[in-house]
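Quick notes on the structure that follows.
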Amino acid sequence: MQLVSVTENIEETASGRLVEGIHALMAEFYSANLAGEIRKGMTQKAKMGGWPTKAPIGYLNVREKTAGKEIAKVVLDPERALLVRETFRLYATGEYSLPELQAAMHAKGLTSPYARRPGAPVSVSKLAELLTNPFYLGVVQWGGVRYPGQHKALIPRNLFDRVQQTLRARDVAGVRQRRHEHYLKGLLFCGECGRRLSLTLAKGKYLYFYCLGQRGTARTGCRQPYILAGDAEKLVEDLYRRIQLPASWVRRLTEELQAEIIERQAEASERRVRLTRTGTSVAPRTSLWIRASIVPSSG
C-alpha cells in the first residue's frame, strides 16, 4: 500500500520514501495517542460510577441537561427492566435451561434492543452474559475492577447470588465435572437425534462416547453405535482440517477488501481537499493496513 498526500508531492526517491515514513510514523503516533486518551477517559468515567459504553439490556443511555451542561446517564428501560428482573427470577428457580429461558422470556416480550431484526429474542449467549453481569447490582465493572455505580440497581443481591449458584450447578458452558474426564466431554452431539454425547468406561479401561438418546428418561430411540474416545478425537481433528475457505471465497474477499480500501482512500482524499480549500487544519490520520492470511481450500 502506498501513502498518497494531496498536500505534498512525495517523490519515488530515497528522500521521498523518508518523508513517507515520517508521515506514517506521525499518523501512527497520533492514532495510538488518541486511543490511549480515549481509554483513559473511559476508565475515569467508570471510576466515577458512570458507564462508558452501551447500557446493558434493561437500561438506556440518555443525555440530560444540568446547569446548562449535557450529561450522559444510564437509566432504567421502562420497556425491559421488569422483564430482566423476571429473567433472573425464573432462572433462579433452577427449572429452566438457557434455551428454555430464552423462549419463555421472548414469549413474555423480552427482545434484544441491539439486534438487527426488530423484535428478535435475546440470544442464549447474551442471556448468559446478562445473568452474570454485576451491573444489575448497581456495580460498574471495568478493566477487571469494580466501582460503585451511579445507576439504579435492578436486581437484589440475594436473587443475583441464587442465579450464580444455579449457573455453577448447571455449568453453562456444557462441560460438567463428571466421573470420566475427557477434553471433548459435553461438547459432542449426536448427528442422528441431536442429543448430547456422554462418556462411559467399559471394562475399566475403554472410554466410549454414546448418545444420551439411548438411555435415561428422554430416550429418542437413537441407534447410533458407541464410539471409542480415540476415534472421536480423530473425527474432530479431520473436521477441523476440512474447515477452510474455498479459493473462490478468498478471491472474492480479497476483491471486496481492495474495493473498500480504494473507497476509503477516495473519501479521505476528497475530505482533505475540501478542508484544505476552507483553510481548516487537518489532524493526521492513521493509515489503513490490512494483512490477510487465509488458507485456500485444497478442493
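Taken together, the values in this text are just the output of simple stated rules run on the coordinates, not laboratory data. Predicted, not measured: the structure shown is a model, and the values here were computed from it. Ideal geometry is used to build each Cβ from the backbone, glycine not excepted, and the neighbour counts take in all protein chains shown.
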DSSP-loop trypsin sites (Lys or Arg not before Pro) across segment 183-270, with at most 12 other Cβ within 10 angstrom
LYS203, LYS205, ARG223
So what is the relative contact order for segment 48-172, in percent, with contacts set as C-alpha pairs under 8 Å and at least six apart?
27
Those GluC sites (Glu not before Pro) in segment 65-109 that DSSP places in a loop and that have at most 14 other beta carbons within 10 Å:
GLU79, GLU95
Taking 0.36 nm per residue of separation between LEU159 and SER248 and subtracting their Cα-Cα distance, the length gained on full extension comes to 26.8 nm
Exposure proxy check on TYR208, TYR183, TYR59: fewest-to-most Cβ neighbours within 10 Å is TYR183, TYR208, TYR59
If R₀ is 30 angstrom, what is the calculated FRET efficiency for the pair ARG117 and GLN258, using the beta carbon separation as r and rounding to 0.05?
0.45
Within segment 48-172, count lysine pairs with alpha carbon atoms under 29 angstrom apart where the residues are 8 or more positions apart or belong to different chains.
15
Just subtract the alpha-carbon distance of MET26 and THR93 from 0.36 nm times their residue separation and send over the number in nm, one decimal.
18.4 nm
How far apart, in nm, are two points set 7 Å out from the Cα along the Cα-to-Cβ line at ASP238 and at ASN61?
4.9
Tell me, what are the semi-axes, in whole angstrom and largest first, of the equivalent ellipsoid of segment 48-172 as set by the roots of 5 times the Cα gyration tensor eigenvalues?
26, 18, 12
Each label sits 7 Å from Cα toward the beta-carbon; between HIS106 and VAL273 the label points are separated, in nm, by 4.9
Summing +1 per Lys or Arg and -1 per Asp or Glu among the other residues with Cβ less than 12 Å from PRO134's Cβ gives 0
Can you give me the distance in nm between label points at GLN224 and ARG85, each placed 7 Å from the Cα along the Cα-to-Cβ direction?
4.3
